[in-house]
1. What residue, of 143, 172, is surrounded by fewer than 13 Cβ atoms within 10 Å (Cβ to Cβ), at pLDDT below 85 and either outside any loop (DSSP other than H, G, I, E, B) or not assigned by TED's automatic domain parsing to the domain that holds residue 69 (or both)?
2. Take region 542-556 and flag every residue that is exposed (fewer than 15 other Cβ atoms within 10 Å of the Cβ) and over 37 Å from the mean Cα position of the chain (by Cα).
3. Residue check: is residue 40 in contact (Cβ under 8 Å) with a residue 24 or more places away in the chain and either closer than 11 Å to residue 101 by Cβ or in the same structural domain as residue 253 (by TED's automatic domain parsing) (or both)?
4. Against the condition closer than 30 Å to residue 408 by Cβ, in a helix (DSSP H, G or I) and not polar (S, T, N, Q), how does residue 217 come out, does it pass?
5. Could you tell me which numbered condition residue 101 fails, if it satisfies all but one of (1) buried (at least 16 other Cβ atoms within 10 Å of the Cβ); (2) among the hydroxyl-bearing types (Ser, Thr, Tyr); (3) closer than 30 Å to residue 277 by Cα?
6. Going by the structure shown, is residue 372 out of contact with any Pro (no Cβ under 9 Å at 6 or more places or on another chain), in a helix (DSSP H, G or I) and surrounded by fewer than 24 Cβ atoms within 10 Å (Cβ to Cβ)?
7. Does any residue of region 214-233 turn out to be surrounded by fewer than 16 Cβ atoms within 10 Å (Cβ to Cβ), in contact with a helix residue (DSSP H, G or I) (Cβ under 7 Å, 6 or more places away or on another chain), not basic (Lys, Arg) and not assigned by TED's automatic domain parsing to the domain that holds residue 74?
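The values are calculated or read from the model by the stated rules, or taken from the named source; none is laboratory data. Since the structure is predicted, the reported quantities are computational estimates derived from the model, not experimental observations. Because the Cβ atoms are built from the backbone with ideal geometry, glycine has one as well, and the counts that use them run over all protein chains shown.
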Amino acid sequence: MDVPPRPVRFGIFEVDLASGELRKQGVRIKLQEQPFQALVALIERPREVLTREDLQRRLWPEGTNVDFDRGLNKAINRLREALGDEADNPRFIETLPQRGYRFLAQVETTLAAPPLPETAQSPTGIPVMKRRDLIAIAGGLSATPILFLGYRLLQPESIVVLPLENVSGDPAQDYFSDGMTDELIGELAQIGSLRVISRTSIMQYKGGARKSLPAIARELNVDAIVEGTVAQSGQRVRVTAQLIRAQDDRHLLSEKYERNLADVLTLQGELARAIAARIQIKLADQQRISPAPARQINPQAHETFLRGNFFLHQGISGIAKSIEFFTQAIKIDPSQADAYVGLGEALCYARIFGFRPSAETYPEAGMAARKALEIDEYSARAHNVLADVKKGYDWRLADAESEYRRALELNPSHLLTRLWYAECLTRMGRYDAALEESARTLALDPVSPFSRSNRAMLLFRARRYDEAIQTSRQALDLDPSFVNALWWQALSLAGKRDFPKSIACLTKAIGMNDGPLFRALLGHVYGPAGDRLKALQILDELAAISKERFVSPVDFAIVYAGLGDADSTFHWLEKAYQARATRVHELHSPYFDNFRSDPRYVDLTRRVGLPL
């Protein structure tokens, strides 16, 4: 029967080697694992110099690549804080410059139990490392080395890649560092059991006075953090990255790479695999989808792709430019799968924001997605684009769901797939399933307005107006300029017949985005609010706009629906059907609830592939 080692005492402190606790006059003092291990190493050899190399071997397993100096300094500083010690006037831990540390206090003699066998079980049944108990510590007498009972490496279930810092000295190179961040997120997101925080939530931490890593970890609810730098100079790129455990700010990995720009995909793969290897050591049952083999790229094409990606993430204002850059990247290098995927996504957004008709954008997006899959069958983003085409253009919702599921198999943390899949589920009338999927997006995207605005849309479609209003407000608290949140807030207020507040929201939205969509929504609300003349005026404005740019037939139908004009509503819905306008699937939305008993509603619902 094993007898646990008795506590080791110095001054008013005692170290419990069995439980891994530091106590002061019987009161437990919070101390992270790594500073505790440093303390154990020091009290094993009191009044002897323990070199920094000795501590490195003790605190980090063989083969670990970390910023050792920074990690050790943090561990010693935190240990000193716990002991109330000062570096300039030490009572316990003395620093010997360029050499190491010495423990100054006298340590009481402690007898230990015999060592455990090579393999032991913790009370929970989890195997622990071999323990060599402390034999004797007294004055200057050294002891048998200790391996801390139950020592376990990082076992994260979630990780965030903070925006890689552009250290090239040229702010115009931000698109490159942002692109490298996106691609590293994509690589890590292939680890099936790992929750990887989305780009939309991390970009607020870019530049400026950033919060501490533990504070960021708490906000995002993550176990591990990746941070680093990127510098591009001519045809060379240099990347540094650190993997840090969130709970104690411990550096577990530090990597530096310098490659030719043509080998940037290889560099990204190596870095992601290095991080994944550290993670997978701690997750025995982790399964990872292997990415397509890295290859040399055309630097000019890749740079053009990154510029397209940069504008894609600017939202409405950047869509047109992103399409230009993606198209140019494909012309330079037609074998670049990511450029086809980016083009496909941009075309889908052009449809969403009403820049171009669905009959134009969707066939092109579908071709781009299929070409990407010919090059890389494991592209989750390409499957997501293809799913959107099958949902919004082919009107084959079951096939779309299969594509979404395939995309999520390949990349469970891909936020856009989960957002679009949740929306698809509402078209199928599966509101509870849509909201369950939405909860997953909130875990991936906890501090940006995107996922909350999406959830507000789902709640609006489910006629849960109070919740939709509350969720829209949460999105607006995160970003008051996020216009889509005003969309769902306004319509949900109208659903509760609070027309003055709804009109105020939509008027504010038009001030941010003077396009046909928000004008149509305002016209829709004017109808039930009893202001018929203003609704008709909106119809005149939409007709005038349509002579200059594309206006969806659904926009006209929505205004007429608000006026209660069934004939005109179905006239424009039929035009939308003939044009294969994806928004004809909004038939199931509250806009058209007053017409559900009309035979034309049932007929059109069947023709566009929606459930009755």
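1. That would be 172, the only listed residue that is surrounded by fewer than 13 Cβ atoms within 10 Å (Cβ to Cβ), at pLDDT below 85 and either outside any loop (DSSP other than H, G, I, E, B) or not assigned by TED's automatic domain parsing to the domain that holds residue 69 (or both).
2. 543, 544, 547, 548
3. Judged against the criteria, residue 40 is not a match.
4. Criteria met by residue 217.
5. With respect to (1) buried (at least 16 other Cβ atoms within 10 Å of the Cβ); (2) among the hydroxyl-bearing types (Ser, Thr, Tyr); (3) closer than 30 Å to residue 277 by Cα, residue 101 is out only on (3).
6. No; evaluated as a whole, the condition is false for this residue.
7. no
To keep it simple, each residue is scored yes or no on (1) surrounded by fewer than 20 Cβ atoms within 10 Å (Cβ to Cβ); (2) under 17 Å from residue 455 (Cβ atoms).
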residue: 472; (1), (2): no, yes
residue: 475; (1), (2): no, yes
residue: 488; (1), (2): no, yes
residue: 491; (1), (2): no, yes
residue: 510; (1), (2): yes, no
residue: 521; (1), (2): no, no
residue: 524; (1), (2): no, no
